[in-house]
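Data block below; observations after.
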Amino acid sequence: SVTNCVFIGNTASNSGGAVATQDFSSSTLLQNCTLFDNNARVGGGSHGVSSIINSIFWGNTDETGPGERGQIGSISSTSPIKYSCIQGLTTILGNGNISLNPQFVNPMGADGMAGTADDDLHLQASSPCRNTGDAMSLPMDECDVDEDSDTSERLPTDLEGNPRVQGANLDMGAYEHP
């Protein structure tokens with residue numbers, strides 16, 4: 001399980017530019033993650049991941065291009081993908097999934113290169129990914145990331161340590177818009 005993470009500008013020679021699993025029966029969860037501009041022969045964003053929740057897959061490519069397969073590679077249509085923004089999504093609809101441009105602030109930064117320090121994958125105020133995630137899908141705060149001794153609450157923070165839910169609902173991706 002990987003939560004509140006960013007994978008940007010990675011390349012793999014075979015599958016899963018950002019994330020790949022070899023065992024399709026494994027239970028791999030990407031939650032509140034942002035995968036942008038990753039590349040591989042198959043599944044530029046990920047390959048073999050079993051669940052995607054509250055995440056954004058955008059600008060990833062494989063030999064088929066930036067469509068759905070270029071984002072998530074091989075994934076069963078029965079796999080749980082919900083409340084996520086996936087570029088080119090056509091076969092796994094419903095459960096809050098969208099394929100609209102997430103409107104990052106400045107994903108390539110001033111230098112025009114993904115994966116460098118000046119990239120900004122925060123969401124613009126007009127982003128369709130704002131307030132469209134599912135707060136009930138957040139994992140429990142088992143590691144007590146906010147150090148309040150309450151591990152029975154839902155994960156309370158985003159990647160930067162800001163409060164996770166700041167609007168009507170939580171945002172898709174790694175960052176919560178203030």
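General remarks:
- Per-peptide average of other Cβ atoms within 10 Å, ordering 7-14, 49-56 highest first: 49-56, 7-14
- Figure note: MET172, MET136, MET108 ranked by solvent-accessible area, largest first, 1.4 Å probe, ligands and nucleic acids not counted: MET136, MET108, MET172.
- When you filter the GluC sites (Glu not before Pro) in region 106-169 for DSSP loop state and at most 10 other Cβ atoms inside 10 Å of their Cβ, you are left with GLU142, GLU147, GLU160.
- The DSSP beta bridges internal to the chain are antiparallel in roughly 20% of cases.
- For the chain, accessible area per residue (1.4 Å probe, heavy atoms of protein chains only), Å²: 45
- Computed over the alpha carbons of region 24-66, Rg followed by Dmax gives 10.4, 27 Å.
- Value of [θ]222 nm, deg cm²/dmol, for the chain, DSSP H segments ≥ 4, -39500 (n - 2.57) each, nearest 500: -500 deg cm²/dmol
- Percent accessible area from carbon and sulfur atoms, the chain, protein chains only, probe 1.4 Å: 50
The values are calculated or read from the model by the stated rules, or taken from the named source; none is laboratory data. Just so it is clear, the model here is predicted, and its values are computed rather than measured. Ideal geometry is used to build each Cβ from the backbone, glycine not excepted, and the neighbour counts take in all protein chains shown. We work out accessible area using only protein heavy atoms, side chains counted, and drop any ligands, DNA or RNA first. Shrake-Rupley method; radii C 1.70, N 1.55, O 1.52, S 1.80 Å.
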